[in-house]
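Below: one structure, written as structure tokens.
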Amino acid sequence: MNNQASNASGGAPAKRTIDIVNASLKRRYAAEKRFRFLGVGAVILGLLFVAILFADIIGKGYTAFEQTYIQLPIDFSPEVIDPVGSRERDTLSRANYQKLVRDALKAQFPKVTGRGDTRELYRLMSPGAPQQLRDMVMADTGLIGTTADVWLLANDDIDMLVKGHIDRDVSEVGRRVKNQTIGWVDILVEKGMLEKRFNTVFFTNGASREPELAGIAGALVGSVYTLLLTLLFSFPIAVGSALYLEEFAPKNKWTDLIEVNINNLAAVPSIVFGLLGLAVFINFFGVPRSTPLVGALVLTLMTLPTIIIASRAALKSVPPSIREAALGVGASPLQTQFHHVLPLAMPGMLTGTIIGMAQALGETAPLLMIGMIAFIVDVPGGVTDPATVLPVQIYLWADSPERGFVERTSAAIMVLLAFLIVMNLTAVLLRKKFERRW
Amino acid sequence: MSTTVEEVSQSQSASAITSADLEKGRTFEGTIGDITSPDARMVCRDVDVYYGDKHAIRGVSLDIGKNEVVSMIGPSGCGKSTFLRCLNRMNDTIPGCRVTGNISLDGVDIYHKKLDVVPLRAQVGMVFQKPNPFPKSIYENVAYGPRIHGLTNNKAELDELVETSLRKAGLWEEVKDRLDQPGTGLSGGQQQRVCIARTISVSPEVILMDEPCSALDPIATAKIEELIDELRENYSIAIVTHSMQQAARVSQRTAYFHLGDLVEVGETDQIFTNPSHKLTEDYITGRFG
């Protein structure tokens with residue numbers, strides 16, 4: 001080696017190779033250090049932004065998990081609820097529960113008189129409070145004729161005031177809650193009749209115009225139905241297509257064309273799939289609009305390319321020796337695929353599927369086209385009931401002017417993220433279960 | 001310094017030989033020696049294989065007899081593996097591969113249009129160059145073939161078949177206590193014997209071996225060679241090997257392939273002591289290859 005170097009420099013006093021190597025070492029290590037430093041920097045920056053995102057969302061949203069309630073001694077007077085005494089469900093459900101709430105409030109603040117002031121007083125309570133009483137009476141008719149202390153939902157303005165989102169120092173003109181009302185709230189707090197309790201409404205109610213009555217349940221159930229159906233439709237179709245294209249289809253111009261098109265479909269803007277769904281599924285096939293069923297069909301179209309591409313990559317990574325081994329003992333091509341290749345490719349396919357599903361979970365645009373942006377109060381009971389999904393619900397709330405929806409938007413994002421984490425965790429566990437070495 | 005120059009000149013002369021051989025190959029006159037076997041199982045006549053435009057093997061005719069080991073030797077790329085893979089139609093899986101000529105197993109044309117390759121591959125088993133056990137337990141590896149073909153009626157019969165196969169492969173004593181462990185966790189030589197056990201579990205007529213020892217150490221190789229000799233009693237074996245010593249040790253007949261032609265066939269002793277063709281002599285005396 002040294003001889004060669006000396007020959008190359010034409011017999012002049014040779015520079016030893018090791019000296020040249022040593023001279024370049026410093027530069028090479030410096031380059032390595034720079035690269036490592038940039039890498040660590042990028043990771044830290046990324047983590048920082050994730051931390052900021054989470055801190056912001058949780059900071060804004062955690063208050064939504066508590067809701068202000070006011071305790072009132074309610075007199076379930078038979079004269080108001082059921083003057084005839086028939087105890088028929090029809091009568092009970094139509095009774096004037098609002099009067100019960102108002103009477104109880106008036107009893108608490110007997111000094112309040114005059115039309116305007118009384119109306120202000122009534123506005124302490126949520127429009128959902130009478131509904132709460134109705135549900136109680138319907139569940140237990142024995143309550144009629146008794147008096148009970150009941151925690152009722154406060155209005156969203158009161159909730160915001162208690163949570164400190166409405167500034168008491170602002171002049172009364174520019175404030176949603178008047179001085180008089182603040183006085184009442186303070187009295188109630190002093191008496192221990194006003195407190196923040198865990199917000200079950202948020203998890204059990206559907207959408208509502210009133211922030212204090214709005215919940216995530218409808219969107220959550222809608223998302224679950226939609227995703228389950230999407231998984232049910234897309235996974236078998238995608239795995240089947242990948243298997244056929246990768247292992248069985250002849251390699252010719254047609255299959256090349258199909259491959260190019262699948263790759264292109266993965267990059268098509270999702271709203272186009274929404275338009276397609278509207279035209280084909282709703283207008284042509286008559287699938288009911290706004291339902292998880294049609295949503296899932298559209299999202300299936302959208303996720304298929306992603307899963308197919310990932311599945312084909314997973315199939316390609318299975319060593320050909322496994323196929324040869326199976327064929328060599330006389331397994332048919334289908335047996336080879338299903339007994340040996342598919343189990344080995346499954347972890348990769350599941351990863352692709354979960355990426356596709358995560359994409360589908362966060363998708364809003366195509367669903368707008370098929371009516372899943374509708375304002376739906378009821379929690380869907382099936383896949384053909386009108387429903388909405390989490391991201392659409394978040395979008396709708398973020399668009400609402402009431403202050404109470406700000407924290408609910410963040411809380412809904414938290415639920416969405418939790419949903420996503422649970423999904424990914426399941427995928428990781430499934431991968432672990434299926435993963436095999438070869 | 002001086003050694004480097006010598007090496008270079010040597011490699012140049014080696015490449016000179018091969019390009020000259022290419023010319024010779026084109027005017028190839030025919031196989032020397034007796035291609036037939038008195039008790040032939042597989043009969044191949046005028047087999048040509050094309051990979052797309054490339055003519056990989058030309059007009060090869062060879063018999064594989066009962067209870068004999070036929071070894072195929074030759075420099076890399078001479079088509080011996082290609083020929084071997086024709087015998088159980090493994091070449092079907094390679095896109096663009098075309099086989100012409102006539103190959104029959106016990107008088108049945110295996111390239112007949114209506115022939116089903118699945119039973120053919122059960123009859124003509126194959127052991128590959130790299131040990132390729134399934135990523136499943138040792139038991140499952142051996143039981144897979146009998147299971148898909150439905151060779152046994154119950155678990156006890158299957159257990160017995162797995163045991164006899166592993167015994168024949170000389171592996172039973174080593175793995176009998178850990179049949180449920182993954183086959184991929186064994187050593188290379190053991191893996192290759194699992195693959196042999198897997199092949200013989202479906203009782204094939206012919207076993208094809210494509211350089212079965214090339215990834216193994218000498219001790220594992222010796223075991224496999226011993227095994228091949230034992231298997232000869234029940235099966236016909238065709239083996240491709242890069243090791244001439246191995247061919248000399250295990251086979252009764254040897255076929256020398258060169259650039260797609262079958263140059264010479266004969267009794268192993270005769271090929272290694274008194275080859276007729278100049279190319280065969282050059283190869284076995286280590287002039288090139």
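The values are calculated or read from the model by the stated rules, or taken from the named source; none is laboratory data. Predicted model only: the values in this text are computed from it and were never measured. Here the Cβ is made from the backbone with ideal geometry for all residues, glycine too, and neighbour counts use every protein chain on show.
General remarks:
- Meets criteria (exposed (fewer than 15 other Cβ atoms within 10 Å of the Cβ), within 14 Å of chain A (Cβ to nearest Cβ) and of a type outside the set (A, V, I, L, M, F, W, C)) for B:GLY183: no
- Qualifying residue in the stretch B:136-153 (condition: under 18 Å from the mean Cα position of the chain (by Cα) and more than 14 Å from chain A (Cβ to nearest Cβ)): no
- Residue that is surrounded by the fewest Cβ atoms within 10 Å (Cβ to Cβ) [pool: residues in the stretch A:394-438 that are farther than 30 Å from A:ARG176 by Cβ and of a type in the set (Gly, Ala, Ser)]: A:ALA418
- Candidates A:THR336, A:THR300, filtered to the one that is over 28 Å from B:MET209 (Cβ atoms) and of a type in the set (S, T, N, Q): A:THR300
- Among the residues making up the stretch B:75-107, those that are closer than 27 Å to A:GLN337 by Cα and among the hydrophobic types (A, V, I, L, M, F, W, C) are B:PHE83, B:LEU84, B:CYS86, B:LEU87, B:MET90, B:ILE94, B:CYS97, B:VAL99.
- From the options A:ARG403, A:ARG436, A:ARG431, residue that is modelled with pLDDT under 90 and within 14 Å of chain B (Cβ to nearest Cβ): A:ARG436
- Answer from A:ILE307, A:ILE282, A:ILE271 - the residue that is closer than 30 Å to B:THR184 by Cβ and in contact with a helix residue (DSSP H, G or I) (Cβ under 7 Å, 6 or more places away or on another chain): A:ILE307
- Tally, over the stretch A:79-110, of residues that are among the charged types (D, E, K, R), out of contact with any helix residue (DSSP H, G or I) (no Cβ under 8 Å at 6 or more places or on another chain) and outside any helix (DSSP H, G or I): 1
- Sole exception among (1) surrounded by fewer than 18 Cβ atoms within 10 Å (Cβ to Cβ); (2) within 13 Å of chain A (Cβ to nearest Cβ); (3) on the phi > 0 side of the Ramachandran plot; (4) not hydrophobic (A, V, I, L, M, F, W, C) for B:ASP116, by number: (3)
- Scanning the stretch A:188-209 for residues that are in contact with a strand residue (DSSP E or B) (Cβ under 9 Å, 6 or more places away or on another chain) and under 30 Å from A:LYS111 (Cα atoms) yields A:LEU188, A:VAL189, A:LYS191, A:GLY192, A:MET193, A:LEU194, A:GLU195, A:LYS196, A:ARG197.
- Filter result (closer than 13 Å to A:PHE248 by Cα and among the polar types (S, T, N, Q)) within the stretch A:321-341: A:SER332, A:GLN335, A:THR336, A:GLN337
- Verdict on A:MET160 being surrounded by fewer than 20 Cβ atoms within 10 Å (Cβ to Cβ), outside any loop (DSSP other than H, G, I, E, B) and either free of Cβ contacts under 8 Å to residues at least 12 places away in the same chain or not hydroxyl-bearing (Ser, Thr, Tyr) (or both): no
- Restricted to helices (runs of 4 or more DSSP H) entirely inside the stretch A:262-369, those with at least 1 residues that are surrounded by fewer than 18 Cβ atoms within 10 Å (Cβ to Cβ) and away from every other protein chain (no Cβ under 13 Å) are A:270-277, A:292-316, A:342-361, A:365-369.
- Top-ranked residue of the stretch A:208-227 - restricted to ones that are crowded, with 21+ Cβ neighbours inside 10 Å and in contact with a Gly (Cβ under 7 Å, 6 or more places away or on another chain), ranked as farthest from A:LEU299 (Cα to Cα): A:GLU212
Yes/no per residue for (1) over 27 Å from B:ASP282 (Cα atoms); (2) away from chain A (no Cβ under 14 Å); (3) part of a strand (DSSP E or B):
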{"position": "B:VAL47", "(1), (2), (3)": "no, yes, yes"}
{"position": "B:VAL70", "(1), (2), (3)": "no, yes, yes"}
{"position": "B:LEU84", "(1), (2), (3)": "no, no, no"}
{"position": "B:ILE103", "(1), (2), (3)": "yes, yes, yes"}
{"position": "B:MET126", "(1), (2), (3)": "yes, no, yes"}
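One line per residue, one yes/no per condition, for (1) under 19 Å from A:ARG403 (Cα atoms); (2) in a loop (DSSP other than H, G, I, E, B):
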{"residue": "A:GLN132", "(1), (2)": "no, no"}
{"residue": "A:VAL137", "(1), (2)": "no, no"}
{"residue": "A:VAL150", "(1), (2)": "no, no"}
{"residue": "A:ASP167", "(1), (2)": "yes, yes"}
{"residue": "A:VAL173", "(1), (2)": "yes, no"}
{"residue": "A:ARG176", "(1), (2)": "yes, yes"}
{"residue": "A:LEU220", "(1), (2)": "no, no"}
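- Out of B:ASP269, B:ASP261, one residue alone is free of Cβ contacts under 8 Å to residues at least 24 places away in the same chain and either within 19 Å of B:VAL60 (Cα to Cα) or surrounded by fewer than 19 Cβ atoms within 10 Å (Cβ to Cβ) (or both). It is B:ASP269.
- Flag for B:LEU208 being part of a strand (DSSP E or B), in contact with a strand residue (DSSP E or B) (Cβ under 7 Å, 6 or more places away or on another chain) and either within 14 Å of another protein chain (Cβ to nearest Cβ) or more than 19 Å from B:MET72 (Cβ to Cβ) (or both): yes
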